[in-house]
Structures are given as structure tokens and as C-alpha cells.
1. For the chain, what value does the Rg/Rh ratio take when both radii are computed over Cα atoms and Rh is the Kirkwood radius, given to two decimals?
2. Would you mind getting me the FRET efficiency between residue 75 and residue 39? Use the beta-carbon distance for r and R0 = 25 Å, nearest 0.05.
3. Under 14 Å from the Cα of residue 43, which aspartates and glutamates turn up, not counting those fewer than eight places away in the same chain?
4. Place a +1 charge on the Cβ of each Lys and Arg in the stretch 8-118 and a -1 charge on the Cβ of each Asp and Glu, then give the dipole magnitude about the Cα centre in debye, rounded to the nearest 20.
5. Mind listing the phi-derived Karplus ³J(HN,Hα) values for the stretch 54-63, rounded to whole Hz, using 6.51, -1.76 and 1.60 with θ = phi - 60°, and x for any glycine or proline?
6. Please give the net charge around residue 38, taking every other residue with its beta carbon less than 10 angstrom from that of residue 38, where Lys and Arg add +1 and Asp and Glu add -1.
7. Taking only protein heavy atoms into account and a 1.4 Å probe, give the accessible area per residue of the stretch 1-54 in Å².
8. So how far, in whole Å, is the C-alpha centre of the stretch 70-95 from the one of the stretch 20-59?
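The values are calculated or read from the model by the stated rules, or taken from the named source; none is laboratory data. Bear in mind that the values here come from a model prediction, so they are computed numbers and not experimental data. Positions of Cβ are backbone-derived with ideal geometry, glycine not excepted, and every protein chain shown enters the neighbour counts. Keep in mind that these areas ignore ligands, DNA and RNA; they rest on the heavy atoms of the full protein, side chains included. Shrake-Rupley method; radii C 1.70, N 1.55, O 1.52, S 1.80 Å.
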Amino acid sequence: QVQFVESGGGLVQAGGSLKLSCEPMQRVVTPDRMGWYRQAPGKQREMVATCLSDGTTDYADFVKGRFTISRDNLRNTVSLEMNNLEPEDTAVYYCKAQFTTGRDVEYWGQGTQVTVSS
């Protein structure tokens with residue numbers, strides 16, 4: 001079992017930017033997939049962006065062109081650069097690391113709040 005911790009959330013005005021980061025608290029092998037998900041009040045958790053260990057990325061339509069996911073396979077961290085934020089982006093953002101070699105397991109961070117004011 002591994003703990004991942006997010007950081008970088010906060011309050012920002014519409015049009016502003018934030019950068020979220022996620023890092024493991026223990027030494028781990030390279031996750032097969034890392035990503036960011038978010039959940040707004042009253043809504044289901046949704047995928048924002050994911051990145052495979054080879055660098056392949058996938059983005060939700062609502063963030064394409066605004067957000068950029070990146071990962072560091074040496075430190076096993078994953079970041080999310082968020083630009084041109086909108087009030088609709090307000091949510092708790094969660095980091096997830098997935099390991100599919102051998103036992104299929106995934107780890108979630110506790111989440112970091114992102115609030116975008118109009």
C-alpha cells in the first residue's frame with residue numbers, strides 16, 4: 001500500500017492558473033498509469049487527464065487545450081498544469097496511480113480543493 005499526496009490547490013480567479021502536483025510518500029516502482037480526476041459537489045468523479053508510463057496522454061474534452069498533464073518517472077510524480085481556469089473547474093482534484101503488472105492495484109490521493117471564482 002502506497003500513499004500519494006496532492007498539493008497545489010487553492011483559490012484562483014477565472015482565467016487564472018494553478019499547478020497541481022502528486023507525489024508518493026513511499027518508494028514505488030513506476031506506475032503504469034497516473035492521472036488526475038475531479039469531483040464537484042453533487043456530481044460523479046470524472047477523469048481529467050491520464051498519462052501512461054511511456055508518456056501517452058489522454059484528456060477529457062472539457063480541459064483540452066487548457067490543462068497539461070506530465071509525469072516524472074524518476075520521482076514517480078505527476079503534475080497538472082491548469083490554465084484559463086473557469087468556475088466550472090471548481091472541484092476536488094484527486095491523483096491516482098495504477099499498477100497493472102502482477103497485482104492490479106490503484107492508489108488515490110486524498111484530494112486537493114480547486115476553487116475558481118468568477
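1. Numbers: Rg = 13.7 Å, Rh = 14.2 Å.
Across the chain, the Cα-based Rg/Rh ratio is 0.96.
2. Details: r = 26 Å, r/R0 = 1.04.
Efficiency, from the Cβ-Cβ distance: 0.45.
3. 88, 89
4. Values: 12 positive and 13 negative charges, 45 e Å.
Using only the charged Cβ atoms, the result is roughly 220 debye.
5. Each residue's phi maps through the Karplus curve to give 8, x, 5, 10, 9, 10, 5, 4, 6, 10 Hz.
6. Details: positive: 43, 45; negative: 46, 89.
Once positives and negatives cancel, what remains is 0.
7. On the way: 3170 Å² over 54 residues.
So the stretch 1-54 comes to 59 Å² accessible per residue, rounded to a whole number.
8. 8 Å
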